[in-house]
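The values are calculated or read from the model by the stated rules, or taken from the named source; none is laboratory data. Source: prediction; values computed, not measured. In this analysis, Cβ positions are derived from the backbone assuming ideal geometry, glycine residues included, and neighbour counts consider all displayed protein chains.
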Amino acid sequence: MASLRPRPSVMSMTPAAAARVREIVEASERPVAGLRVGIKNGGCAGMSYTVALADAATPGDELVETEGARVYVDPKAVLFLLGTRMDFRASKLSTGFVFENPNQVSACGCGESVSLKAADPGALAGGVPA
């Protein structure tokens, strides 16, 4: 029997994002498993990213783990986040997670909401369904 190839990760994290996730988890006032990333409807462009503490994995979550940092991707957001790179940036004017998402069609001027299209799941795996 041929071995199955590993399933590609839904998204990736930069070392800066992983470090910030670890800081947030360690500073939490209660034990948490990591952060949960998702999307919600709203904002002037139609959708926005959500980031919250995750007490534990829930059924259907996709786990992204980098350098000991754990991010759980909400199953309803997977097709919108395929291929996304999560970064953390700090500048004079803003500090926060930045999502470099190939499925983003547009963003609003304030930077708080985006327009996303569902990804082609086969595109991430080079045209071969995962």
- Task: Among what's in region 44-66 and is buried (at least 17 other Cβ atoms within 10 Å of the Cβ) and over 24 Å from Glu26 (Cα atoms), pick the residue that is nearest to the chain's Cα centre (by Cα).
- Result: Ser48
- Query: Out of Val105, Val21, Val98, which single residue is at pLDDT below 95, of a type outside the set (D, E, K, R), out of contact with any Pro (no Cβ under 7 Å at 6 or more places or on another chain) and farther than 18 Å from Ala119 by Cβ?
  - Reply: Val98
- Members of region 67-85 found to be crowded, with 18+ Cβ neighbours inside 10 Å, at pLDDT below 95 and either of a type in the set (Ser, Thr, Tyr) or in contact with a helix residue (DSSP H, G or I) (Cβ under 8 Å, 6 or more places away or on another chain) (or both), listed by number: Leu82, Thr84
- Can you tell me which residues in region 72-92 are in contact with a Lys or Arg (Cβ under 9 Å, 6 or more places away or on another chain) and touching a residue at least 60 places away in the same chain (Cβ under 8 Å)? Val73, Phe88
